[in-house]
Each structure stands twice: as C-alpha cells, then as structure tokens.
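J.: I am attaching a structure below and will ask some questions about it afterwards.
The values are calculated or read from the model by the stated rules, or taken from the named source; none is laboratory data. All figures in this text were calculated on a predicted structure; none of them were measured in a lab. Cβ atoms come from the backbone with ideal geometry, glycine included; neighbour counts cover every protein chain shown.
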C-alpha cells in the first residue's frame with residue numbers, strides 16, 4: 001500500500017524544506033511514501049523527483065454542470081452574466097473545460113503517477129447553504145460519465161482513473177444503483193473508486209462520534225456488496241459536522257455578497273465548516289482499512305500551514321499504528 005499526503009504543488013511549499021532529501025524525511029516521519037499532488041496554477045519544480053508524486057488530484061470546479069451545458073440562463077442567475085462565469089472558469093463552455101482537464105491529465109502523465117482522482121459532484125454556492133439541489137444525482141453522474149469518456153476513451157493513459165465520492169449531488173457512495181451507474185458508464189478499463197471517508201461521513205448528519213462514523217462507513221460497504229471491490233484508494237480523514245449543518249443550512253444567510261467572487265470567498269469558510277478534514281484519533285477506522293486493503297491511502301488534511309498539515313498527518317498515522325496498520 002502506498003501512503004501519501006495530499007499536497008498542493010506550490011514551489012514555495014517545497015522550498016520550505018530546503019532539499020528533496022529533507023522533504024522525503026518529513027514524509028517518512030509521517031509514515032508516507034510520497035504525495036498526492038494537486039496543481040496550484042504554476043509549473044512544477046523542474047527538479048521534482050518523479051517517484052515522489054504517487055497520485056494526482058485533477059482540477060475540479062464544484063459548480064460545473066451548467067457551464068458544461070452552456071446553460072446561459074442558469075449561468076446568468078448564478079454569476080450575474082456569462083462573462084463573469086467565463087472569467088471564473090478561465091474560458092468559455094464545454095471545450096474550454098475539456099481542455100483544462102486534458103492539460104491536467106498530461107501533467108499527471110508527465111509525472112508518471114499511478115492514479116488520478118476525479119470528483120463526481122455538482123453544487124452551487126447557494127446550494128451549499130440551502131441544501132435544495134438544482135440537479136439530480138443521475139444528471140450529475142450522466143454528465144460526468146460523458147465528460148470522462150470524452151477525455152479517456154481511446155487514450156492509453158498510464159494511470160488508474162479513480163472517481164471520488166462527495167455528499168453533494170452526484171456520486172455519494174450511499175446508493176449502490178448510482179455507484180453502478182457511474183462505474184458501468186465509464187469506458188476506461190482502469191477505473192476505480194477513491195473512497196473519501198470524511199465526505200461519506202458528511203452524507204449522514206446524525207453521526208456524533210468517530211466510532212459512529214466508522215460504523216456508518218462499514219454500513220455503506222455492506223450495502224454496496226461486491227461493488228466495494230472497486231475501491232482502490234482511500235482519502236483518509238474524519239468529519240463530524242452534523243450540528244453545524246443543522247444550524248447553518250436550509251436558507252441563504254443574510255448579507256451574502258452579490259458579487260460572485262466575493263460570495264465565493266465568503267462561502268469557502270462555510271464549506272470548510274462542513275467538510276472538516278480532521279485526523280482520525282479513534283482506531284475504530286482501522287477495521288475499515290483492513291477490510292478495504294486499499295492500494296493507495298492518502299492522508300487528506302485541512303490546515304493553515306504546511307507544518308500543521310504534516311502534524312495532522314502524523315497524528316492520524318499514530319492512530320493507524322494503534323490498530324496495527326502502521
């Protein structure tokens with residue numbers, strides 16, 4: 001099993017360690033073999049050792065379906081005008097979005113990663129507050145399948161393509177029929193699931209403890225039966241945000257900015273209060289990992305600094321040692 005830490009590919013973050021040897025040592029202290037990188041809008045360091053990047057998280061836009069469909073009325077409702085939408089997405093329409101993904105896939109291939117990760121969900125800023133969905137799970141999955149097949153079909157990419165669950169409309173790993181709809185629709189032989197434990201916990205706001213979260217994950221694995229064999233990797237973190245969701249969703253808050261970019265900035269902290277990305281400190285998660293026996297395990301933490309991120313990974317790695325997973 002390859003253990004990695006989720007890491008933004010910012011040159012400044014790497015420079016903080018001085019040398020690649022020092023960076024490897026920092027990873028090893030956390031029990032990690034390398035990175036699951038995500039593009040940060042700049043070129044990767046020219047001397048980045050290729051074996052350090054084991055996986056790669058593809059670019060994602062939380063709210064992409066209406067842009068992909070070029071639904072001008074919906075875009076005007078959300079952004080104010082199509083021009084602001086184009087500024088946000090860095091281009092116009094379906095082909096512009098596809099080109100961004102093609103470039104990202106090429107980055108991943110150049111680094112010779114073992115797998116890439118793709119979010120299958122769609123949610124607007126307003127939906128993050130209201131929890132009243134504009135699109136069905138089926139709509140999002142079918143559009144994602146179309147996009148994925150356009151990108152991958154007939155291509156000989158050198159990596160596994162792993163779809164990640166969210167709790168928004170799309171792939172949630174809570175309904176086996178929808179999971180099968182997604183996996184069976186993708187025409188790429190090396191397709192699997194990157195199961196995000198925190199995102200799955202976000203799908204059940206009744207959870208109160210990490211032990212209940214681990215039990216809920218087991219319940220969803222039971223529900224999926226043989227489909228659970230498609231899980232190739234795990235994004236490991238925990239999220240117990242049910243109290244916050246009940247208190248801060250159902251309607252739009254007062255004073256939400258009209259300008260889209262300001263609204264996006266304000267809403268980001270709200271989303272982070274839902275999706276906590278905190279380390280597991282209860283070894284109740286260990287039987288879940290033993291059951292899945294994933295090829296890839298990514299410690300995915302939210303932190304203000306790189307040092308805080310690595311400390312959170314260390315804490316979680318110590319939890320796994322308690323369950324004889326270390």
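J.: Of these, 253, 287, 294, which one is crowded, with 18+ Cβ neighbours inside 10 Å and in contact (Cβ under 8 Å) with a residue 24 or more places away in the chain? Write out each step before concluding.
T.: Details: 253 fails: crowded, with 18+ Cβ neighbours inside 10 Å; 287 fails: crowded, with 18+ Cβ neighbours inside 10 Å.
Result of the check over 253, 287, 294: 294.
J.: Quick test of your reading of the structure: residue 67 fulfils all but one of (1) outside any loop (DSSP other than H, G, I, E, B); (2) free of Cβ contacts under 8 Å to residues at least 24 places away in the same chain; (3) closer than 30 Å to residue 254 by Cα. Name the failing condition by number.
T.: Tallying (1) outside any loop (DSSP other than H, G, I, E, B); (2) free of Cβ contacts under 8 Å to residues at least 24 places away in the same chain; (3) closer than 30 Å to residue 254 by Cα, residue 67 fails exactly one: (2).
J.: Now for a separate question. Out of 41, 18, 31, report the one residue that is outside any strand (DSSP E or B), within 18 Å of the chain's Cα centre (by Cα) and over 19 Å from residue 196 (Cα atoms). I'd like the intermediate steps shown before the answer.
T.: Details: 18 fails: within 18 Å of the chain's Cα centre (by Cα); 31 fails: within 18 Å of the chain's Cα centre (by Cα).
Result: 41 is the single residue among 41, 18, 31 that is outside any strand (DSSP E or B), within 18 Å of the chain's Cα centre (by Cα) and over 19 Å from residue 196 (Cα atoms).
J.: Which residue, of 35, 105, 75, is over 24 Å from residue 163 (Cα atoms) and buried (at least 18 other Cβ atoms within 10 Å of the Cβ)? Walk me through how you get there before you give the answer.
T.: Values: 35 fails: over 24 Å from residue 163 (Cα atoms); 105 fails: over 24 Å from residue 163 (Cα atoms).
Only one candidate qualifies: 75.
J.: Among residues belonging to the range 81-97 that are assigned to a loop (DSSP other than H, G, I, E, B) and out of contact with any helix residue (DSSP H, G or I) (no Cβ under 6 Å at 6 or more places or on another chain), point out the one that is surrounded by the most Cβ atoms within 10 Å (Cβ to Cβ).
T.: Just the residues of the range 81-97 that are assigned to a loop (DSSP other than H, G, I, E, B), to begin with: 81, 90-92.
Within this subset, residues satisfying the condition of being out of contact with any helix residue (DSSP H, G or I) (no Cβ under 6 Å at 6 or more places or on another chain) are 81, 90-91.
Working: 81: 12, 90: 12, 91: 16.
Filtering the range 81-97 for residues that are assigned to a loop (DSSP other than H, G, I, E, B) and out of contact with any helix residue (DSSP H, G or I) (no Cβ under 6 Å at 6 or more places or on another chain), the one surrounded by the most Cβ atoms within 10 Å (Cβ to Cβ) comes out as 91.
J.: Hey, another quick one. When you check residue 291 against the structure, is it in a helix (DSSP H, G or I), within 25 Å of residue 114 (Cβ to Cβ) and at pLDDT 95 or above, yes or no? Break it down into steps so the answer makes sense when it comes.
T.: On the way: in a helix (DSSP H, G or I): yes; within 25 Å of residue 114 (Cβ to Cβ): yes; at pLDDT 95 or above: yes.
When the stated conditions are applied, residue 291 passes them.
J.: Here is a follow-up. Any idea which of (1) modelled with pLDDT of 90 or more; (2) outside any loop (DSSP other than H, G, I, E, B); (3) touching a helix residue (DSSP H, G or I) at 6+ places or on another chain (Cβ under 6 Å) is the one residue 59 doesn't satisfy?
T.: Status for residue 59: all satisfied but (2).
J.: Name every residue in the range 271-284 that is part of a helix (DSSP H, G or I), under 18 Å from the mean Cα position of the chain (by Cα) and crowded, with 17+ Cβ neighbours inside 10 Å, in order of residue number. Can you show your working first?
T.: Of all residues in the range 271-284, those part of a helix (DSSP H, G or I) come to 271-274, 283-284.
Filter again for under 18 Å from the mean Cα position of the chain (by Cα), leaving 271-274.
Within the range 271-284, just 274 meets the criteria.
J.: On the given criteria, is residue 187 closer than 20 Å to residue 286 by Cβ and either surrounded by fewer than 17 Cβ atoms within 10 Å (Cβ to Cβ) or modelled with pLDDT under 95 (or both)? Spell out the reasoning first.
T.: Details: closer than 20 Å to residue 286 by Cβ: no; either surrounded by fewer than 17 Cβ atoms within 10 Å (Cβ to Cβ) or modelled with pLDDT under 95 (or both): yes.
Judged against the criteria, residue 187 is not a match.
J.: Exactly one condition in (1) assigned to a helix (DSSP H, G or I); (2) in contact (Cβ under 8 Å) with a residue 12 or more places away in the chain is not met by residue 47; state its number.
T.: Result: residue 47 passes all but (1).
J.: What residue, of 172, 179, is in a loop (DSSP other than H, G, I, E, B), free of Cβ contacts under 8 Å to residues at least 60 places away in the same chain, under 22 Å from residue 298 (Cα atoms) and in contact with a helix residue (DSSP H, G or I) (Cβ under 8 Å, 6 or more places away or on another chain)? Steps first, please.
T.: Numbers: 179 fails: in a loop (DSSP other than H, G, I, E, B).
Residue meeting the stated conditions: 172.
J.: Just one of 123, 117 is closer than 30 Å to residue 247 by Cα, crowded, with 17+ Cβ neighbours inside 10 Å and under 16 Å from the mean Cα position of the chain (by Cα); which is it? Steps first, please.
T.: Working: 117 fails: closer than 30 Å to residue 247 by Cα.
Unique residue meeting the criteria: 123.
J.: I'd like the full set of residues that are within 14 Å of residue 321 (Cα to Cα) and without any contact (Cβ under 8 Å) to a residue 60 or more places away in the chain, limited to the range 262-284. Before you say what the answer is, go through the steps one by one.
T.: Keep residues of the range 262-284 that are within 14 Å of residue 321 (Cα to Cα), which gives 279-284.
Within the range 262-284, 279, 283 meet the criteria.
J.: Any idea which residue in the range 190-226 is farthest from the chain's Cα centre (by Cα), counting only those that are closer than 22 Å to residue 114 by Cβ and assigned to a helix (DSSP H, G or I)? Step through it out loud before you land on a result.
T.: First, pick out the residues of the range 190-226 that are closer than 22 Å to residue 114 by Cβ: 190-197, 199.
Checking the rest, the ones that are also assigned to a helix (DSSP H, G or I) come to 197, 199.
Details: 197: 11, 199: 8 Å.
Checked the range 190-226; the qualifying residue farthest from the chain's Cα centre (by Cα) is 197.
J.: Looking at the range 148-169, which of the residues that are out of contact with any helix residue (DSSP H, G or I) (no Cβ under 8 Å at 6 or more places or on another chain) and either more than 24 Å from residue 103 (Cβ to Cβ) or in contact (Cβ under 8 Å) with a residue 60 or more places away in the chain (or both) is surrounded by the most Cβ atoms within 10 Å (Cβ to Cβ)?
T.: The extreme case among them is 162.
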